[in-house]
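Report on one structure; see the data block that follows.
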Amino acid sequence: MLNNLKKCFALTTLVAKEIKTNDRHGLESMKNRLIADIDIFAEWYKIVLPLTFSSIFAVFCFAIPQGYLWGAISEWLGWPEHYSIVGMVFCGLTFCVLFMPLMFLIARGNFYALKLHVAVIFLVALVAVIYFVSAYTTMLTGSDRNTWDLVGSVLGLIFIALSIACLNSPWFVKSTAVGLHNRLLRELSKRGKQTLTATKR
């Protein structure tokens with residue numbers, strides 16, 4: 001289960017350990033392994049799709065329960081209706097903005113960004129499950145609103161399942177490899193400059 005996602009973390013761990021060493025030959029070997037074994041230069045448009053669609057599906061899943069959540073908060077606190085709309089818009093925009101730098105950092109081979117991205121996806125999955133359980137429980141009252149909430153919660157589960165499927169795809173492994181390859185190239189360039197500077201001294 002989630003074998004491809006485990007491969008991503010295994011790769012990031014391996015590269016992270018290699019970068020901590022001062023072995024330039026080891027970095028070169030790792031870079032060549034990424035190129036040869038994963039073929040990271042093949043069909044680049046397919047490589048970027050899993051990360052992109054994973055984020056899009058997660059945003060959809062996150063957006064669905066916002067009306068239910070902020071409606072409940074407004075009712076509980078006695079807020080006017082427009083307060084809940086402001087809360088929905090603010091949370092939605094904040095969530096969207098969160099993914100943009102994460103995707104950029106993952107493309108640069110940032111290990112922590114990848115872990116945070118996956119953590120956010122699974123946090124959204126938890127929210128989707130809680131929303132479904134809540135909607136299903138309250139639907140027993142026979143309210144039309146709660147019936148629509150149940151439909152929305154099922155859609156949320158579908159979206160988050162698709163998001164996780166994108167993360168667990170072979171192409172996401174390739175996407176991760178591209179980022180790690182870029183990270184290794186920068187590390188090799190940095191160490192090459194340091195060696196050149198030390199030689200001149």
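The values are calculated or read from the model by the stated rules, or taken from the named source; none is laboratory data. Just so it is clear, the structure is predicted and the values come from calculations on it, not from any experiment. Every residue, glycine as well, gets a Cβ built from its backbone with ideal geometry; the counts of neighbours run over all protein chains shown. All accessible areas refer to the heavy atoms of the entire protein, side chains included, with ligands and DNA or RNA removed. Shrake-Rupley method; radii C 1.70, N 1.55, O 1.52, S 1.80 Å.
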For the chain, the percent of accessible surface on carbon and sulfur atoms (probe 1.4 angstrom, ligands and nucleic acids excluded) is 70
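How high is the FRET efficiency between Phe104 and Thr141 when r is their beta carbon distance and R₀ equals 35 Å, given to the nearest 0.05?
On the way: r = 45 Å, r/R0 = 1.29.
Efficiency, rounded to the nearest 0.05: 0.20.
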Specify the angular offset, from 0 to 90 degrees and rounded to the nearest 10, of the alpha carbon long axis of helix 144-167 from the longest principal axis of the alpha carbons in the chain. 10
Two-site FRET efficiency, Val151 against Arg24, from Cβ-Cβ distance with R₀ of 41 Å, rounded to 0.05: 0.10
How tilted is helix 81-107 with respect to the longest principal axis of the chain? Cα atoms for both, answer in degrees (0 to 90, nearest 10). 20
Any idea of Val154's accessible area? Nearest 10 Å², probe 1.4 Å. 60
To the nearest 10 Å², what's Glu18's accessible area with a 1.4 Å probe? 40
For a quick check, take a GNM of the chain with Cα springs below 10 Å and name the residue from Ala63, Ala72, Ala165 with the largest mean-square fluctuation. Ala72
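Taking only DSSP H segments of four or more residues, each worth -39500 (n - 2.57), what value at 222 nm results for the chain once the sum is divided by all its residues, to the nearest 500 deg cm²/dmol? Walk me through the intermediate numbers first.
Values: 8 runs with 176 residues, N = 201.
When only DSSP H runs of four or more count, the value is -30500 deg cm²/dmol.
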For the stretch 48-177, state what percent of all Cα-Cα pairs lands in each successive 5 Å bin, counting from 0 Å until the bin that includes the largest distance. 2, 11, 18, 20, 18, 12, 9, 6, 3, 1, 0
For the stretch 45-123: rounded, prolate or oblate by the Cα gyration tensor [a/c cutoff 1.5]: prolate
Helix 3-20 axis, angle to the chain major axis (alpha carbon atoms, nearest 10°): 40
